[in-house]
Structure formats: structure tokens, C-alpha cells
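**Q** My structure is below; once you've seen it, I'll send some questions.
The values are calculated or read from the model by the stated rules, or taken from the named source; none is laboratory data. Note that this is a predicted model, so its numbers are computed, not measured. Here the Cβ positions follow ideal geometry from the backbone for every residue, glycine too, while neighbour counts run over all protein chains shown. Note: areas computed on protein heavy atoms with side chains; ligands, DNA, RNA excluded. Shrake-Rupley method; radii C 1.70, N 1.55, O 1.52, S 1.80 Å.
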Amino acid sequence: MEEHYISKLHPVVDYGAGVFLLLIAILTILGNSAVLATAAKRSSLLKSPELLTVNLAVADVGMAISMYPLAIASAWNHAWLGGDASCMYYALMGFLFGVCSMMTLCAMAVIRFLVTNSSKTNSNKITKNTVRILIAFIWLYSLLWAILPLVGWGYYGPEPFGISCTIAWSKFHNSSNGFSFILSMFLLCTVLPALTIVACYLGIAWKVHKAYQEIQNIDRIPNAAKLEKKLTLMAVLISVGFLSSWTPYAAASFWSIFNSSNSLQPIVTLLPCLFAKSSTAYNPFIYYIFSKTFRREIKQLQCCWGWRLHFFSTDTSAENPVSMMWSGRDNVRLSSTAKVENQGAAAH
């Protein structure tokens, strides 16, 4: 076996990393499968932007199923399993699902911004077919970036600690070809989407703030304003959870571009990698915290093993774990809502 596929970590650390990934895999598959089950049960009730929430869950489950078993087995084997072929497969899957998740979050932010700041007529132009086309573009865009290292622009290789694979960051500081790939990928798959997400949610937050100022002048806050604040906070937390999970890994990776891969201790490169992988498990917990309906439905889903894990009810109210991201589309135009409330107060 090649030396770079042998773990550089203590066996106890390898075992602990495998246990951690197993826990993340279980939470990811169960939590996001719950979201997908809800979407399947209520497919006729889904609004068009909610398809992006489904796509995000698909990407998270896909990463957990296609990557984590191999990573867990390699950690417990104290060496990477499968050699170069499995290493390229693992790195490709990670890049594919990672870019897909990032672009899906970006699309969510943009559509949410457009819906919040548009009239009812314009928001209805965002049809399911439009979102399906957008999702198809996201997957094609992600696949394009994932296969580029396979055709000569960029490289895949093992992580410095030996039991995972990704973009071979350390090869790029002596390669203009590799550096151009990293620079382009960093701008088009990380920086621009992240800036777009931040700009959209800042715009939404400003809209909510101005609406609250108008409403609070008469000490009346309508349910629409409360809902919008809640939905915005949840959407922000989903994006922040993903970005914060991947930021330490990005920092360690960029350090490897300009410095020797041996300049960081193996454990230092392992921890950001594990933290990044944990991003697939967060979203269902965020739904659980913010949605009373989701918490109630968790008590009613029958698992296929014959015991009750109570996940979802047959309640079709607007506040469900998926449509929590988008429910009340007609109510999120806060400026018009505030005017109605003001008029009602004046009439009294």
C-alpha cells in the first residue's frame, strides 16, 4: 500500500473519527429522510421554491450514503481502502455534493429575496418548472466542476492524515494549471455564492426591520411579520451552519496550497474535515427547533422496523418542516401588510 494512503493518526483517533462519522451518517440519513418523506407525502402541496429544500436534503443524504461508509471503514482499517480508484471516487462525490449544496443555498437565498420583495403577481411567476430547471442547472454545474480534475484541470488526492480524499491542495503551489483551477473554483463555487447569500439575507433583514418600524408605531405586530422574522432567521441559520462548517476546512486547505502538507499536524487537518462533514446533519435539527408542527409530527411517523418514531402527522397546515422555509408566501410582503394593519387601526 502506498504510504500516503496509510493513516498518520493514532489508532484511537482513527477509531474515534470513524465513530463520529457513523453518528453523523445516521443523523444525516434519518433527519433528511424525514424531510424527504414529508415532501413525498405532501408533494401536491409543495410550493415551487420548496423543491430547493428537497434538493438540499437529497444532496445531504447522497453525501452520507456515497461517502461516509468508505470513510468509516478506512478509519477503522487505519488506512485508505481501494487505492487510487476509490480515492478519486470519494473526492469526486465530495466535490459534487458540496458544490450542489452551496449553489442550492445560494438559489434559496435569491428566490427568498425575490419572493419577499415582490408583489404577489410577480412571485407567482416562480413556477415549479422554473425551479426544476434551476435544480437541473445546479446539478450540471456541480458535476462539471467535479469532473474537471479527472480531465486534467486540477487534481484529486488523499488528505494529509491519510484516510480521506479530496482536491489535492498541496500539489497546486507548484502548478499554474492547478492554481488557476483553485482560483476559479474558489471564486465561482465559494466566494460569489457566499456573498450572494449574505447580500440577500441582509436585504431581507432590512425589509423586516423597516416593516417592524412601521408596525410598532401602532403597537401591533401581525402574524405575517412574526412569521417572516422566524422564517428569515431559520433560513439564515441553515446557511450559516453550512458556511461555518466548511470555513475551517477551507482555511486549512488554503494553508496547504502555499505551505508544505507536513506543516500542519495530521490531527489539525482531520478536525476541520470532520467538522465540514457534520454540515449534512444540521438542517433537520433547525427545522425541529423552529417548527412546532415538525416536533409534533416527529411523534407520529411509523418506522419500517415496526416501532414508532413519530416523525410526521397528516396535518396540512402551512407550517410544516419543508414549507417552513417558504410558507405564507402571500404574507411576506410586509410593507403592504403593515399598511393594512395601519388602516385597520385607524378605522377603530
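**Q** Here are the criteria: (1) modelled with pLDDT of 90 or more; (2) hydrophobic (A, V, I, L, M, F, W, C); (3) over 22 Å from LEU105 (Cα atoms); (4) open to solvent by less than 60 Å² (accessible area, probe 1.4 Å). Tell me which single one LEU150 does not satisfy.
**A** (4)
**Q** Out of all the residues in segment 55-76, which are open to solvent by 30 Å² or more (accessible area, probe 1.4 Å) and touching a residue at least 60 places away in the same chain (Cβ under 8 Å)? Spell out how you get there, then give the answer.
**A** From segment 55-76, those open to solvent by 30 Å² or more (accessible area, probe 1.4 Å) are 58, 65, 69-70, 73, 76; that's our starting set.
TRP76 - this is the single residue of segment 55-76 that is open to solvent by 30 Å² or more (accessible area, probe 1.4 Å) and touching a residue at least 60 places away in the same chain (Cβ under 8 Å).
**Q** Looking at segment 286-304, can you tell me whether even one residue there is at pLDDT 85 or above, of a type in the set (A, V, I, L, M, F, W, C), under 23 Å from SER170 (Cα atoms) and in a helix (DSSP H, G or I)?
**A** For segment 286-304, residues at pLDDT 85 or above, of a type in the set (A, V, I, L, M, F, W, C), under 23 Å from SER170 (Cα atoms) and in a helix (DSSP H, G or I): absent.
**Q** Using the structure shown, decide if SER33 is without any contact (Cβ under 8 Å) to a residue 24 or more places away in the chain, in a helix (DSSP H, G or I) and more than 30 Å from LEU264 (Cβ to Cβ).
**A** Values: without any contact (Cβ under 8 Å) to a residue 24 or more places away in the chain: no; in a helix (DSSP H, G or I): yes; more than 30 Å from LEU264 (Cβ to Cβ): yes.
Against the criterion (without any contact (Cβ under 8 Å) to a residue 24 or more places away in the chain, in a helix (DSSP H, G or I) and more than 30 Å from LEU264 (Cβ to Cβ)), SER33 does not qualify.
**Q** Here is a further query. Taking ARG112 as the residue in question, decide whether it is of a type in the set (Lys, Arg), open to solvent by 10 Å² or more (accessible area, probe 1.4 Å) and under 20 Å from the mean Cα position of the chain (by Cα). Working first, answer last.
**A** Working: of a type in the set (Lys, Arg): yes; open to solvent by 10 Å² or more (accessible area, probe 1.4 Å): no; under 20 Å from the mean Cα position of the chain (by Cα): yes.
Taking the combined requirement at face value, the residue does not satisfy it.
**Q** Could you name every one of the helices (runs of 4 or more DSSP H) located completely within segment 49-166 that has at least 1 residues being within 25 Å of VAL191 (Cα to Cα) and touching a helix residue (DSSP H, G or I) at 6+ places or on another chain (Cβ under 9 Å)? So that I can check it myself, show each step before the final result.
**A** Details: elements: 50-77, 83-117, 120-123, 128-147.
By residue number, 50-77, 83-117, 128-147.
**Q** Could you list, in sequence order, the residues of segment 169-180 that are open to solvent by less than 20 Å² (accessible area, probe 1.4 Å) and in contact with a Ser or Thr (Cβ under 9 Å, 6 or more places away or on another chain)?
**A** PHE172
**Q** Tell me yes or no: at least one residue of segment 80-96 is open to solvent by less than 60 Å² (accessible area, probe 1.4 Å), touching a residue at least 60 places away in the same chain (Cβ under 8 Å), aliphatic (A, V, I, L, M) and under 27 Å from LYS171 (Cα atoms).
**A** Within segment 80-96, one or more residues are open to solvent by less than 60 Å² (accessible area, probe 1.4 Å), touching a residue at least 60 places away in the same chain (Cβ under 8 Å), aliphatic (A, V, I, L, M) and under 27 Å from LYS171 (Cα atoms).
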